[in-house]
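Below: the structure, in structure tokens.
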Amino acid sequence: MKNWYLKNKEKVKDFRKKWYLENKERVKKTSDEWYLKNKERKKEKRKQWCLKNKEYIRERDKAQPCICCGKELARDAVGGGYDCGHYRSVGSAPHLRFNEDNAHGQRKVCNRYGGGRAVDYRIGLIKRIGLARVESLEADNEPKKWDIEQLKEIKQYYNQKLKQLRK
Ligand SMILES: [Zn+2]
């Protein structure tokens, strides 16, 4: 086999080259498609992991009023009547994504249609966790990134916490 290969080395090389040139576009296209698909899959996975944290916040706050307006959370509404609302949004402060001081039960209508009601949220937040912790949230601008292993750990951590809450 080895001898055969040595004898035909050039031929094999030529053949591969020819094949590659003929199929270049196809190879490129499938690898691009694979890349995009994989990127989406990764994004989706990350999202799933972050959902655990939101589920925990909602469970933690289910007996509390809405963080911004003080009205009762619509606990029994279909699909869950309230959100895990962030004080500093995940878009503008992604490093606070898992900071439990930054997320609280909030009525959907306040979270989605009231622009998060930042001013009222702050007032409610001070009432709930105190000014010092609110100010430390506001001062926290250190970027943070989580790799896949860390995200897995975070998900497990929240699974545990949820279990304890639901006991
Ligand atoms: Zn509200």
Of the residues that make up segment 76-96, is at least one buried (at least 16 other Cβ atoms within 10 Å of the Cβ), of a type outside the set (A, V, I, L, M), touching a His at 6+ places or on another chain (Cβ under 7 Å) and not in a strand (DSSP E or B)? no
Under 21 Å from ASP147 (Cα atoms) and surrounded by 11 or more Cβ atoms within 10 Å (Cβ to Cβ): is that true of CYS69 in this structure? no
Reported set for segment 134-167 where residues are more than 22 Å from the chain's Cα centre (by Cα) and surrounded by 15 or more Cβ atoms within 10 Å (Cβ to Cβ) is VAL134
Can you confirm whether segment 98-107 contains a residue that is touching a strand residue (DSSP E or B) at 6+ places or on another chain (Cβ under 8 Å), charged (D, E, K, R) and assigned to a helix (DSSP H, G or I)? no
Check whether at least one residue in segment 47-69 is more than 14 Å from the ligand (Cβ to nearest atom), farther than 27 Å from LYS163 by Cβ, within 14 Å of the chain's Cα centre (by Cα) and part of a helix (DSSP H, G or I), and report yes or no. no
For LEU51, indicate whether it is of a type outside the set (D, E, K, R) and in contact with a Lys or Arg (Cβ under 7 Å, 6 or more places away or on another chain). no
If we scan segment 92-105, do we find a residue that is over 19 Å from the mean Cα position of the chain (by Cα) and closer than 21 Å to CYS50 by Cβ? no
Restricting the first residue to segment 115-126 and requiring it to be at pLDDT 95 or above, which pairs with a second residue that is more than 8 Å from the ligand (Cβ to nearest atom) and among the charged types (D, E, K, R) meet a Cβ separation below 9 Å and a spacing of at least six or different chains? ARG122/GLU138; LEU125/ASP101; LEU125/ARG133; ILE126/ARG133
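The values are calculated or read from the model by the stated rules, or taken from the named source; none is laboratory data. Keep in mind it's a predicted model, so treat the numbers as computed, not measured. No Cβ is skipped: glycine too gets one built from the backbone with ideal geometry, and neighbour counts run over all protein chains shown.
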